[in-house]
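Structure record follows, encoded as structure tokens.
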Amino acid sequence: MAQVDILLATYNGERFITSQLHSLLMQTFSDIRILVHDDGSSDETMKIIRNFARHDARIVIIDDSRKFGSPTENFLHLLSFATASWIMFCDQDDIWFDNKVELMLTEALKVPQGTPAVVYCEALYWHPTRGIVGKGGAYMAPRSLPALLGQKAGVLGCSSMFNRQLKDIMLRYKGKIAMHDHLLELAAFSFGEVRYVSVPLILYRQHDRNVTGNTDLLLSPTERIKRKIYHSRPVMDAKHLNATSDFLNFFRDELSADQIELLESYLKMSRHNKIRNILTALRLGLARDNSKLKFILKLIISPYLDRENRNNLNH
């Protein structure tokens, strides 16, 4: 059994998959297994992957013909096949540095045995023609549950390595899910340990088909400021609030009293006015990019929820 399972969810990725597979197979830590599940690609993605698999037995294709129409559901489906001690989410369009698995596993093995844990690394936002356009991952990753709640979307799933104990918590959960990496973070900050490797170990590709990612980085600094002022997004969205609400309800009997109070107060903000929300944020210590001031400024400038999000709340 491999020590690390890499979960590769694919869909119409023929433009990117070759370079990503090369970066995985060239890892300095070789005791890996690459579990692949395709979500019904209509291009040459699976032909390329099968060709690689014929030459390297570490690539294992889950060929069950299931289609989800969602990267989140595809990743969680793959998670059920993982058996290694440590697990990594892998996007089809990125490129991993050759020492990514090795350095992250070195940090991961410092975690006390049996403790649910996740390790995050830095990621460089990369555009094929413009080069490095920014960074994300560990430097802006939340350091606490209040900081995660204020961050909303959290950290890139492709920058994570987590253990079997955390996997079991994720698979046990039944409820709404905003994204697979959001569920990972909620579980880790609620029940386990979170560590960071403050080294860039991945090129996070920016392109016109990113499912997630800060594509604002492709704009000029002036254009970014204008977008934030004139097209300010709400502080929160219904998808993440609903997922957090279901997480609280499902694990209520396993959470501490302080965690329950924090999550309940956070969820009530969707029903309160701006002034009350600012006071609540200060009391709870909510933060964005680990900055409490940044979260307060966002509350002042932007609506907490727009009308569409408010109508889609389930609590």
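The values are calculated or read from the model by the stated rules, or taken from the named source; none is laboratory data. Just so we're clear, the structure is a prediction, and the values are computed from it rather than from any experiment. Glycine also receives a Cβ, built like all others from the backbone with ideal geometry; neighbour counts cover every protein chain displayed. The accessibility values were calculated without ligands, DNA or RNA, using every heavy atom of the protein model including side chains. Shrake-Rupley method; radii C 1.70, N 1.55, O 1.52, S 1.80 Å.
Taking R0 as 41 Å, what's the FRET efficiency between residue 51 and residue 297 from their Cβ-Cβ distance, rounded to 0.05?
Working: r = 51 Å, r/R0 = 1.24.
Approximately 0.20, to the nearest 0.05.
So for region 62-179, averaging the separation of alpha carbon pairs under 8 Å that are six or more residues apart and normalising by length, what relative contact order in percent results?
RCO, region 62-179: 32 percent.
Pick out, from 241, 129, 305, the residue whose Cα sits farthest towards the positive end of the charge dipole of the chain, with +1 on the Cβ of Lys and Arg and -1 on the Cβ of Asp and Glu.
305
Given 274/294; 152/298; 100/292, which pairs have Cα atoms separated by over 20 Å?
Details: 274/294 15 Å; 152/298 12 Å; 100/292 31 Å.
Flagged as over cut-off: 100/292.
Relative contact order for the chain using alpha-carbon pairs under 8 Å, separation at least 6, rounded to a whole percent? Intermediate results must be reported in sequence, preceding the final value.
On the way: 543 pairs, mean separation 57.1, N = 315.
Over the chain, the number comes to 18 percent.
What's the magnitude of the charge dipole for the chain around its Cα centre, counting Lys and Arg as +1 and Asp and Glu as -1 at the beta-carbon? Answer in Debye, nearest 20.
1260
Where Lys and Arg each count +1 and Asp and Glu each count -1, what net charge lies around residue 66 among other residues with Cβ under 12 Å from its Cβ?
The answer is -4.
Top mean-square fluctuation among 172, 130, 233, Gaussian network model of the chain, C-alpha springs under 10 Å?
Of 172, 130, 233, the most mobile in the Gaussian network model is 130.
Cβ under 11 Å from residue 295's Cβ, residue 295 left aside: what net charge do those residues give with Lys, Arg +1 and Asp, Glu -1?
Result for the local shell: +4.
Restricting to DSSP H runs of at least four residues, report the calculated mean residue ellipticity at 222 nm for the chain, -39500 (n - 2.57) per run over all residues, nearest 500 deg cm²/dmol.
For the chain, the value works out to -12000 deg cm²/dmol.
If R0 is 35 Å, what FRET efficiency do you get for residue 282 and residue 22 from their C-beta distance, rounded to 0.05?
For residue 282 and residue 22, the calculated efficiency is 0.10.
With θ taken as phi - 60° and the coefficients 6.51, -1.76 and 1.60, list the Karplus ³J(HN,Hα) couplings across region 88-96 in order, rounded to whole Hz; mark glycine and proline as x.
9, 7, 9, 7, 6, 9, 8, 9, 8
Let me cross-check residue 260: its accessible surface, 1.4 Å probe, with only protein heavy atoms counted, in Å² to the nearest 10?
30
Based on the Cβ-Cβ distance of residue 253 and residue 63, what FRET efficiency does E = 1/(1 + (r/R0)^6) give at R0 = 41 Å, to the nearest 0.05?
0.60
Among the aspartates and glutamates, which have Cα under 12 Å from the Cα of residue 239 when same-chain residues fewer than 8 positions away are ignored?
Within reach: 308.
What does the C-alpha gyration tensor say about the overall shape of region 1-137? Classify as rounded when a/c is under 1.5, otherwise prolate if a/b is larger than b/c, or oblate. Could the numbers behind the result be given before it?
Values: a/c = 1.55, a/b = 1.17, b/c = 1.32.
Oblate shape, in that a/c is at least 1.5 and b/c is the bigger or equal ratio.
Modelling each spin label as a point 7 Å along the Cα-to-Cβ direction, I'd like the residue 233/residue 132 distance in nm, to one decimal.
2.4
Counting alpha carbon pairs within less than 8 Å and at least 6 residues apart, what relative contact order, in whole percent, applies to region 1-81?
After rounding, I find 38 percent.
Checking the cross-link filter: which lysines have an alpha carbon closer than 19 Å to that of residue 47, excluding same-chain neighbours under 8 positions apart?
67
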